[in-house]
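Written below as structure tokens is the structure these notes are about.
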Amino acid sequence: MGRFRYMGPLLLGALLLSLCLASPAAAATAQASSVCLACHAAEGLADGAGRDLGPHHDLNCVGCHQGAKQVPHENLRLTSCRACHTPHTEAPTGDLHAGVNCQACHMGGEAGPHALVPQNNEASCKRCHFAGNQAGAPAAVPPPKSALCLACHTATLSLADWPSRIALFVLLLGLLGSLGFWLSGGGRGPASQALHKGHGGGGVGRALSALLLDGLLQRRLWRRSPGRWLVHALIFLPFAARTLWALLALLLSYTQPGTDLNQAMLGKNYPATALFFDLTGVMVLAGGLLAVARRLLRGGRALPGLPRPDWPAMALLVVVVLSGFVTEAARMALTGYAGAAWAFAGAVLSRLFSAGPGLQTAYAYLWYGHAICYAAFVAYLPFSRLRHILLAPLWSAIKAGGEPGQGK
């Protein structure tokens, strides 16, 4: 026990030393804030005790108010809340709020601008979301984009809206029915036959290669008909690119939400983001219209070896893209946008709208109209002739994995 004889005095001395070192810093913070209160006491901080500052009561004023040390405060500016706080994921904020000041939602109302408080409901939303507001916000608050929207937008893993819930249920039923046929029949289904065609199959490597080259890039279709490949590529590849963008943004929103890259991928007014979504949307629309034109030029006749065209599916796809552009143009007309020159299609369409209470009220209907059209397309997809968009990549991988390997 002798070696612990001096442990008590040493710990006591270390504690006293830390208190001595900490008190000047605390005293400096209090003194700096008291200097500010000499002029700003009448702005809701009269007693200087800090009780009106909420969670920031023990912070130095100049920590948030950059440039306050210079008198007069000609270059006064607020420090970004992201310097200390981690931004929300997209579920509670949505992509439209990526560039909105944190105080817009977290301000304490009548308590003044310093009493920032957490908000777990839509009470603070009503500060901006009402008919006739000057912020350019919709009068109603649409739900966050659901998991189904990840195929085209940055979105959340939620299912807050009823069109998405219904569409997902019908989609799963349709996919289960299709997969059940492919894998059924005691080994007589198409996929079962491919998997059991010889025990020396091509393996995982060939399956992944076929998934990329034949399923995603559609190599076999290119060899058969470059014209048909162009139509499929204009529709399928933009959806694939948007999905990858959305999944990366979703991953970053949970792992690195405060990074500039994540904020740029969520904010549609960033130039690269605005250009990407407008360009891919125009590509899908061009692919749909080109498919319709090719069919009409042939009088609606099916090409050799192909089924007849599925007009309801193609019409739904075109309506989904067009309604998306209209909804986005309405958003631009309401809120304005810094990347107008890059969001070229939305910028042109936005001139058709006049921002005001009427559009603020109509925006929610436009949003739900687009959501319902997309939900109808998703629900119809596994029962339509376009279901190969979902099943062809899987089929190519299964077939390649079941074929005998080469070079053995």
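The values are calculated or read from the model by the stated rules, or taken from the named source; none is laboratory data. The shown structure was predicted, so the numbers you read here are calculated from the model rather than taken from an experiment. Methodologically, a virtual Cβ is constructed for each residue, glycine included, from the backbone with ideal geometry; neighbour enumeration extends over all protein chains shown.
Of all residues in the range 333-346, exactly one satisfies the criterion of being surrounded by fewer than 18 Cβ atoms within 10 Å (Cβ to Cβ), aliphatic (A, V, I, L, M) and at pLDDT 85 or above, namely A345. A Cβ distance below 8 Å, combined with a sequence gap of six or more or placement on separate chains, defines the contacts here; from the range 353-367, residues that are under 10 Å from G132 (Cβ atoms) reach residues that are assigned to a helix (DSSP H, G or I) in the pairs Q360/L334.
For the range 25-38, the condition of being modelled with pLDDT of 70 or more and assigned to a loop (DSSP other than H, G, I, E, B) holds for none of the residues.
Taking the listed residues P113, P87, the one that is modelled with pLDDT under 80 and either among the polar types (S, T, N, Q) or exposed (fewer than 15 other Cβ atoms within 10 Å of the Cβ) (or both) is P113, with no other qualifying. Taken over the range 258-286, the residue count meeting the criterion of being at pLDDT 90 or above and either in contact with a strand residue (DSSP E or B) (Cβ under 8 Å, 6 or more places away or on another chain) or of a type in the set (D, E) (or both) is 1.
Residues of the range 261-275 that are without any contact (Cβ under 8 Å) to a residue 60 or more places away in the chain and in contact with a Phe, Trp or Tyr (Cβ under 7 Å, 6 or more places away or on another chain): A264 alone.
The criterion of at least 2 residues that are at pLDDT 75 or above and surrounded by fewer than 19 Cβ atoms within 10 Å (Cβ to Cβ) is met by the following helices (runs of 4 or more DSSP H) wholly inside the range 196-257: 219-224, 226-255.
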